[in-house]
1. How far apart, in nm, are the 7 Å Cα→Cβ label points at F34 and Y53?
2. Return the equivalent ellipsoid semi-axes of the range 17-73 as a descending list in whole Å, where each equals the square root of 5 times an eigenvalue of the C-alpha gyration tensor.
Amino acid sequence: MAKGKKKPEDSGLPFGPKNYALMGAALVFIILGFIFLGSGDITLAPILLVLGYCVLFPIGIIWKDRAKNVETEK
């Protein structure tokens, strides 16, 4: 790039459809985990809650679409 030119800013939303799908799945897992916790299931409830809070939700935040990154590099 030339000296005076700036890199074009991404004017779109910070999250893409995959991010929202992952965060939605995390929300479903969390809700199901609390439902199972309320019904007394002490085996499945913690598994669902950990998957929702510690796996799916962070991945939904961190995930970047590679196709979007390739377009902005050109």
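1. Here the modelled spin labels are 1.2 nm apart.
2. Details: eigenvalues 191, 15, 5 Å².
Equivalent-ellipsoid dimensions as semi-axes: 31, 9, 5 Å.
None of the figures in this text is laboratory data; all of them are computed from the coordinates on show. Treat the numbers as computed from the prediction; the structure is a model and nothing was measured. When we count neighbours, we look across all protein chains shown, and the Cβ atoms used for this are built from the backbone with ideal geometry, even at glycine.
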